[in-house]
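Inspection log for the structure reproduced underneath, given as structure tokens.
The values are calculated or read from the model by the stated rules, or taken from the named source; none is laboratory data. All figures in this text were calculated on a predicted structure; none of them were measured in a lab. So basically every Cβ, Gly included, is an ideal-geometry build from the backbone, and we count neighbours across all protein chains shown. Each accessible area value is taken on the protein alone, full model and side chains, heavy atoms only, with ligands, DNA and RNA left out. Shrake-Rupley method; radii C 1.70, N 1.55, O 1.52, S 1.80 Å.
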Amino acid sequence: MKTIRIFISVMMATFVTSCALDNYDMPSSSLSGRFIDNLTGESIQCDIYNGTTIQYIEDGYTQIQSNVVKADGSYSIGQMFPGKYSIIPIYTNFEKVDTLKMDIEGKMTYDFVVEPYNRITNVTILKSGLTKITATFTVEQANMDYGVMKVGMFLYRQPTAGAYMYFEARETIVGGQTIGTKTYTMTIDYKESTKLKSGETYYVRVGALSSASNARYNYAPAVAVEI
């Protein structure tokens, strides 16, 4: 009987503890927004894989959490507990920003207004000849403290095409030079590809990589092309 009483006591303690845990508030807050070019007001396109990431930590805790920024430069962090947070973007294609200190409660929005390393303008992407896709675009350096390492053209099945996600790519090595404003033309001949299929639609993004430490590519929005 003594053994049974101990067992029942343990079960009751477990039940009470479980109920107490169930009474904690669920994470009910969120934060969303965009990364915006401080000059043009446009969203700053980025890589969705190995690209801009938001790290955030709630005051009083040590666990750092991460949220990947979408290819179009927007982000959405859900399931946050109300509280004070420190928020910082890493792996960026824009000038570093200070850690953001913010009280989060309910559904909140915040747009990071930043200076990109490069702006990609005057983009034209067309089929040329029978089997080629040609991109012409202008790279404008926003900060002359850094040169341009590479410019590139990336083709993928989704608008997330980029330096880490492509079926076919072309890159030109610039080597960290200061170019100011310069126009480039690049071509992909899809008859030479084993990954592309005729009659399918693919997406092309063009961009430039800064020589800044740990920089990621800056892009123009993806353009759909049917081959």
Over the Cα atoms, compute the radius of gyration (one decimal) and Dmax (the largest Cα-Cα distance, rounded to a whole number) for the chain, in Å.
24.1, 90
Burial order of peptide ranges 127-139, 44-56 (average beta-carbon count within 10 Å, highest first)
44-56, 127-139
Specify the angular offset, from 0 to 90 degrees and rounded to the nearest 10, of the alpha carbon long axis of helix 2-22 from the longest principal axis of the alpha carbons in the chain.
40 degrees
Give me the percent relative contact order of segment 87-223, please, defined on Cα pairs under 8 angstrom at least 6 residues apart.
28 percent
Residue separation between residue 86 and residue 26 times 0.36 nm, minus their alpha-carbon distance, gives in nm 19.6 nm
Report in % the part of the accessible area of the chain that belongs to carbon and sulfur, leaving out ligands and nucleic acids; probe 1.4 Å.
52 percent
Efficiency by 1/(1 + (r/R0)^6): what FRET value for residue 39 and residue 98, r their Cβ-Cβ distance, R0 = 22 Å, to the nearest 0.05?
0.65
Ordering 144, 80 by accessible area with a probe of 1.4 Å, largest first, what comes out?
144, 80
Gain in span if fully extended, residue 214 to residue 66, counting 0.36 nm per residue against the direct Cα distance
51.5 nm
Modelling each spin label as a point 7 Å along the Cα-to-Cβ direction, I'd like the residue 191/residue 110 distance in nm, to one decimal.
5.4 nm
Can you compute the helix-only [θ] at 222 nm over the chain? Use -39500 (n - 2.57) per DSSP H run of at least 4 residues, normalise by all residues, nearest 500 deg cm²/dmol.
-3000 deg cm²/dmol
Restrict the search to segment 33-86; then list the trypsin sites (Lys or Arg not before Pro) that DSSP places in a loop and that have at most 14 other Cβ atoms within 10 Å of their Cβ.
none
Please report, in whole Å³, the volume per residue of the convex hull around the C-alpha atoms of segment 57-146.
158 Å³
Lys pairs in segment 86-227, Cα-Cα under 21 Å, at least 8 apart or on separate chains: how many?
8
Could you work out which residue, out of 164, 61, 203, moves most in a Gaussian network model of the chain, that is, has the largest mean-square fluctuation with Cα springs under 10 Å?
61
May I ask you to give the solvent-accessible area per residue for segment 149-191, in square angstrom, as obtained with a 1.4 angstrom probe?
51 Å²
28, 198, ranked by accessible area, largest first (probe 1.4 Å):
198, 28
